[in-house]
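Student: Provided herewith is a single structure, encoded as structure tokens, for subsequent inquiry.
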Amino acid sequence: MNKAAFERVVLITLDGVGVGAQEDAGDYGDEGADTLGHVARHCGGLRLPTLQALGLGNIHSVAGVSPVAEAKGLYGRLREISAGKDTTTGHWELAGIIQTQPFPTYPDGFPAAIMMAFQRETGLEPLGNIAASGTEILKVLGEEHLRTGRPIVYTSADSVFQIAAHEEVIPVERLYEICRIARRLLDPYRVGRVIARPFVGTCAADFRRTSRRHDFSLLPTQKTILDRVKEMGMRVYAVGKIRDIFAGQGVTDSVTSQSNADGMAKTLEALSVVNRGLIFTNLVDFDMLYGHRLEATGFGRALEEFDRWLPRLQQTMGPRDLLVITADHGCDPTTPGTDHSREYVPLLIWHPGLEKGADLGVRASFADVAATVAAALQVPFAVGESVL
């Protein structure tokens, strides 16, 4: 494979699709986690013929997805070496940032100094300030929010400051403004993300979050492969929540997505406008709709939907395009708890001229993705080791 042969890289993150616990999973309470393996068994096997042909079954034991004698892609696993198992940490490492210190988390709620500053700067007294599931907290505090107009603040096992508000009580643009204030207040604490969580409904029984979620992330601590590609005059086209994860740094174009299907459609659209550069897509439904909600059947169906779409992407790609499919962490819906899981993630690489696949083994870090993108697009980058 000629590393100088590519004009575009399509990098797709299957959010939360881990392939088995890492050796250090016990340090994170994730012994035995296996998102893909457990989902496949729960579903009685998965039908993923396109991913199977690329070598997915050669990476990991997946019910219904057997190993193939001659894979059509390069296949392997990535080991996360950064401290943490959250979305930001995973994506930053994929882009070339290795974090030695995890983002802070607040399982007992945020300290008084943060909450007092939030109230002073926004003029709003929040409800909650607890660690909770986003859907459950609406059942508990949503109606009180409707009566009082007070925003709901909560966190999770990740480094997140989430603010939920009904769209008719606090309009979405005002909610975003509140989140920007919180982002500024939380920067000195290195909180990974402030997340706007708008919702609608009339009572606890029918509250539902809308698609106008928005993440306000901490700025990346150093330059990533996104920055390097942009500096070389190429486009970095972000699909889904990629722009939010990198706080816009290194991104030239971006579109949000409402679902996996929408993200897949917008990835195809990006190929029609990007002549040279990186198309970076996050497909979030695996994690958001199924992993965190312990919905293994839906998780499996979403994987099969992605697999059915994948040939369309391959047919659209040209001879100088490179496809990279990976993930950012696990989110096993069959294990207790709704948190992410510390897992290896898959690495599948393909391009139209690839004559024979190969086993890439277990890669030293997620940052090998950044190095691979750099080699493909001939961009100087010093972190990770390219597979090309």
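Student: Assign unit charges at the C-beta atoms only (+1 for Lys and Arg, -1 for Asp and Glu), then state the dipole size of the stretch 27-130 relative to its Cα centre in Debye, rounded to the nearest 20. Can you show the working numbers first?
Tutor: Numbers: 7 positive and 11 negative charges, 100 e Å.
Using only the charged Cβ atoms, the result is roughly 480 debye.
Student: Work out the length of the dipole vector of the chain about its Cα centre, built from +1 on the beta-carbon of each Lys and Arg and -1 on the beta-carbon of each Asp and Glu, and round it to the nearest 20 debye. Let's see the in-between values first.
Tutor: On the way: 39 positive and 47 negative charges, 190 e Å.
Dipole magnitude for the chain comes out near 920 debye.
Student: Right, another one. For the peptides 5-16, 174-185, what is the packing order when you average, over each peptide's residues, the other Cβ atoms within 10 Å and list the highest mean first?
Tutor: Working: 5-16: 24.2, 174-185: 18.7.
Descending mean neighbour count gives 5-16, 174-185.
Student: Between residue 139 and residue 320, how high is the FRET efficiency from 1/(1 + (r/R0)^6) when r is the Cβ-Cβ distance and R₀ = 45 Å? Nearest 0.05.
Tutor: Numbers: r = 51 Å, r/R0 = 1.14.
For residue 139 and residue 320, the calculated efficiency is 0.30.
Student: Quick check for me: using +1 on Lys/Arg Cβ and -1 on Asp/Glu Cβ, what's the dipole size of the stretch 112-217 about its Cα centre, in debye to the nearest 20? Working shown, then result.
Tutor: Working: 15 positive and 13 negative charges, 48 e Å.
With only Lys, Arg, Asp and Glu charged at Cβ, the dipole is about 220 debye.
Student: Next up: Cα gyration tensor of the stretch 215-280, axes a ≥ b ≥ c as square roots of the eigenvalues: rounded (a/c below 1.5), prolate (a/b > b/c) or oblate? The partial results should precede the final answer.
Tutor: Values: a/c = 3.08, a/b = 1.19, b/c = 2.59.
It comes out oblate by the Cα gyration axes.
Student: Starting from the Cα gyration tensor of the stretch 112-217, take the square roots of the eigenvalues, sort them a ≥ b ≥ c, and report rounded, prolate or oblate (rounded when a/c is under 1.5, otherwise prolate if a/b is larger than b/c, else oblate).
Tutor: Prolate, because a/c is 1.5 or more and a/b exceeds b/c.
Student: For a quick check: with amide H placed at 1.01 Å from N, whose amide H comes under 5 Å from residue 131's, ignoring anything fewer than 5 positions away on the same chain?
Tutor: Those qualifying (amide H under 5 Å, at least 5 residues apart or on another chain) are 109, 155.
Student: Using alpha-carbon pairs under 8 Å, 6+ residues apart, how would you state the relative contact order of the chain in percent? Let's see the in-between values first.
Tutor: Details: 925 pairs, mean separation 121.4, N = 388.
Relative contact order, the chain: 31 percent.
Student: Identify which of 161, 286, 110 has the largest mean-square fluctuation in a Gaussian network model of the chain, with springs joining Cα atoms closer than 10 Å.
Tutor: 110
Student: Which of the three applies to the stretch 279-322, rounded, prolate or oblate, going by the alpha-carbon gyration tensor with a ≥ b ≥ c and a/c under 1.5 meaning rounded?
Tutor: Numbers: a/c = 5.39, a/b = 2.19, b/c = 2.46.
Oblate is the answer for the stretch 279-322, as a/c is 1.5 or above yet b/c matches or exceeds a/b.
Student: Next question. Compute the distance in nm between two label points, each set 7 Å from the Cα along the Cα-to-Cβ direction, one at residue 206 and one at residue 272.
Tutor: That separation, rounded to one decimal, is 3.7 nm.
Student: When DSSP assigns beta bridges and you keep just the ones with both residues in the chain, what percent turn out antiparallel, to the nearest 5?
Tutor: Working: 20 of 57 bridges.
Percentage antiparallel, nearest 5: 35.
Student: What angle do you read, to the nearest 10 degrees and between 0 and 90, between the alpha-carbon axis of helix 296-316 and the longest principal axis of the chain?
Tutor: The angle comes out at about 50 degrees.
Student: Taking the Cα atoms only, what angle lies between the long axis of helix 260-271 and the longest principal axis of the chain, rounded to 10 degrees?
Tutor: 60 degrees
Student: Follow-up question, since we're still on this one. Taking H placed 1.01 Å from N in the peptide plane, check which residues at least 5 places from residue 214 or on another chain put their amide H under 5 Å from its amide H.
Tutor: The list, which skips near neighbours in sequence, is 196.
Student: Please list, in chain and number order, the residues 5+ apart from residue 281 or on another chain whose amide H is under 5 Å from its amide H, with Hs placed from the backbone.
Tutor: Distant-sequence amide H within range of residue 281: 11, 12, 13, 239.
Student: To test your reading of the geometry: what angle, between 0 and 90 degrees and rounded to tens, separates the Cα axis of helix 134-148 from the longest principal axis of the chain?
Tutor: On a 0 to 90 degree scale, this one is about 30.
None of the figures in this text is laboratory data; all of them are computed from the coordinates on show. Please read all numbers here as calculations on a predicted model, not as lab measurements. We place every Cβ from the backbone using ideal geometry, glycine too, and count neighbours over all the protein chains shown.
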